[in-house]
Amino acid sequence: MESPPPAAAVSAKKSLNHHMRFHQPHAHLVSIFGGDWFALKAEAFARFFGTPLFLVAQTVVVVVWIALNVVGLFHFDVYPFILLNLAFSLQAAYAAPLILLAQTRQADRDKAHLEADALHREDLAKASLERQLVAEKQTETLTELVKQNTELTRLTKELTERIDTLTAEMHERLVKKAGSGTTP
């Protein structure tokens, strides 16, 4: 009965077969903005800015804001809607840095993935080269074996012909001696 492989060997084999093994060295990388709560929430908020839900909700708020002030139900921001412009300016003042933060964090992730992919491509190229070298060595070995086999076949043929010749000579001598009446 075979003993199970050591845990280190199993772990090493799993890590070699794991498709993300080239990304693991970059797992410790943290963006310059960090991985803290604020950075994660800021990135989520910046992602929300580009969604149809945000655009529709903002449009509804603006239409209701203007309608309430134009119709005269409320007079908290009369035409030319200075408070609404201030709200848009405040939103833009916070949205721009948040979007830049999200882009910077994504660029960091993209860079790490590109480095890992480059390492993976290098590893594939190295493995391909190693397979090619092994195939060349095997081809050389097979060629040499074929040459040796051909030489052995030639020698076998020569020996077979020589044995046939010797057998024929011995048969002829024996037939001559038997015909002359002497015993061999």
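Every number here is computed from the coordinates shown, using simple stated rules; none is lab data. These numbers come from a predicted model, not from an experiment. Note: ideal-geometry Cβ built from the backbone for every residue, glycine included; neighbour counts use all protein chains shown.
Below are the figures for this structure:
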item	result
Quotient of C-alpha Rg and 2.2 N^0.38 Å, computed over segment 27-184	3.05
Total charge dipole magnitude, segment 84-169, about the Cα centre, Cβ charges on Lys, Arg, Asp, Glu only, Debye to nearest 20	560 debye
Stokes-Einstein D for segment 32-108, Kirkwood Rh over Cα pairs, 37 °C, 0.692 mPa s (µm²/s)	230 µm²/s
Kirkwood Rh, Cα atoms: Rg over Rh of segment 101-171	1.71
Full-extension gain in nm, V62 to R47, via 0.36 nm per residue minus C-alpha separation	3.3 nm
Selection from L166, L133, T156 lying farthest towards where the dipole of segment 129-184 points positive, charges on Cβ	L166
Residues of type aspartates and glutamates that K177 reaches as a straight line, Cα spacing below 18 Å, ignoring anything fewer than 8 places off in the same chain	E169
